[in-house]
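Everything on this sheet refers to the single structure shown next.
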Amino acid sequence: MTTPAIITVAITGAIPRKADISGIPVTPAEQIESTHEAYEAGAALVHIHVRNKDESPSSDPELFAEVQEGVRKHCPGMIIQFSTGGRGRTHEERGRPLLLKPDMASLATGSVNFPNQVYENPPQLIDSLAETMHKNDIKPEIEVFDLAMLYNAETLINRGLVRPPAHVQWVLGIPNALPARREVIEFLISELVDIMPGATWSAAGIGRHQLDVNRWCLELGGHPRTGLEDNIKFDRSRLAKSNAELVARVAEICAEYDRVPATAKQARLILGLTQ
Ligand code: ZN
């Protein structure tokens, strides 16, 4: 039997909502409701950014705590992953929500250009986020936006800052970073198998690449990520209406690849999470 597919839903993201865009959950209540709908549709892992009242990206631990509590209550066993991403947050702020000990947190292992800015991840910050995760038993999701980040992750394992087996995510299709090409994902997988045996992987395809990348994940033995965070054209309009709609789309095509959506319990086993 093939490995069940862990469907991640990235519900919100860090790019501001525009008046003409509906469906992005912003307040904790909206985020909990949207996550619950996605969970019912087959998502086992939720990737969370929170927003201030003016919708700018926030690091307020109270907001993270509120969403975490609601998801734990309404989505039994669902894996909770906090973003430690930048965009409007200082380095210190980015690590703050980790004190709430989510199951997982994102860890980008290098800097990269985004369409209009640098996504800054200097070595000292990477070390400090990795150390905090290690100390608090939070499993990192290593975010690979560019090739060197994969090898940087291997170094973190060798230095004892990340416990193997690691979980790695390819982020494909952001202008200025890795393109969404099947050859790229195949190369990344072959390198991963070589340098980090036993590691698991997922992939996020941005914008119009989302569904293609979902399909490659299912076919090549990885885990798909979907959600409104990634479902964006770079003119900032959306391609889908809700997180649940996107999750349902992935859940439906699993069978074409002899996969089934993982339950939250199965997802925890696959990723080696306790509880
Ligand atoms: Zn994110």
Can you list the residues, at least 5 places off or on another chain, whose amide H is less than 5 Å from the amide H of ALA5, using H built in the peptide plane? VAL260, ALA262
Per principal axis, largest first, the Cα atoms of the stretch 123-168 extend in Å by 28, 23, 17
Short version: ³J(HN,Hα) in whole Hz for each residue of the stretch 266-271, in order, from phi by Karplus 6.51 cos²θ - 1.76 cosθ + 1.60 (θ = phi - 60°), x for Gly and Pro, what are they? 5, 4, 5, 5, 4, 8
Sequence order, the stretch 88-102: Karplus ³J(HN,Hα) from phi using 6.51 cos²θ - 1.76 cosθ + 1.60, θ = phi - 60°, Hz rounded, Gly and Pro as x, gives x, 10, 6, 4, 4, 5, 5, x, 4, x, 5, 5, 7, 6, x
For HIS223, enumerate residues with amide H under 5 Å from its amide H, sequence gap 5+ or separate chain, H modeled in the peptide plane. TRP201, SER202, ALA203
Measure off 7 Å from each Cα along the Cα-to-Cβ vector at PHE114 and GLU186, then give the distance between these two points in nanometres to one decimal. 3.2
Exposed trypsin sites (Lys or Arg not before Pro) being those in a DSSP loop with at most 15 other Cβ atoms within 10 Å, the longest stretch of the chain free of them is 54-158
Once phi for every residue in the stretch 185-199 is put through the Karplus expression 6.51 cos²θ - 1.76 cosθ + 1.60 (θ = phi - 60°), the whole-Hz ³J(HN,Hα) values, with Gly and Pro written as x, are 5, 5, 5, 4, 5, 5, 5, 4, 4, 6, 9, 9, x, x, 5
Suppose we look only past 23 Å in the calculated P(r) of the stretch 143-230. What percent of the Cα-Cα pairs does that tail hold? 18
Treating only the Cα positions of the stretch 3-271 as identical point scatterers, give the base-10 log of I(q)/I(0) from the Debye formula at each q in 0.07, 0.11, 0.14 Å⁻¹. -0.20, -0.53, -0.92
Okay, helix-only estimate at 222 nm for the chain: each DSSP H run of n ≥ 4 adds -39500 (n - 2.57), divide by all residues, round to 500 deg cm²/dmol; what do you get? -11000 deg cm²/dmol
Please give the per residue volume of the convex hull enclosing the alpha carbon atoms of the stretch 1-138, rounded to a whole number of Å³. 140
Add +1 for every Lys or Arg and -1 for every Asp or Glu among the other residues with Cβ under 14 Å from the Cβ of SER202, and state the total. -1
How high is the FRET efficiency from ASP127 to ARG87, r the C-beta distance, R0 30 Å, rounded to 0.05? 0.90
Quick query: amide H of ASP103 versus all other amide H atoms, modeled in the peptide plane; which residues come in under 5 Å with a sequence gap of 5 or more or a different chain? ILE80
Counted charge near PRO57, where neighbours are those whose Cβ lies closer than 11 Å (Asp, Glu -1; Lys, Arg +1): 0
Sorted by Cβ neighbour density within 10 Å, fewest at the top, the residues HIS91, HIS49: HIS91, HIS49
In the chain, lysine pairs 8 or more places apart or on different chains with C-alpha atoms under 26 Å apart total 18
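No value in this document is a laboratory result; all are computed from the given coordinates. Values in this document were obtained by computation on a predicted structure and should not be read as measured data. Methodologically, a virtual Cβ is constructed for each residue, glycine included, from the backbone with ideal geometry; neighbour enumeration extends over all protein chains shown.
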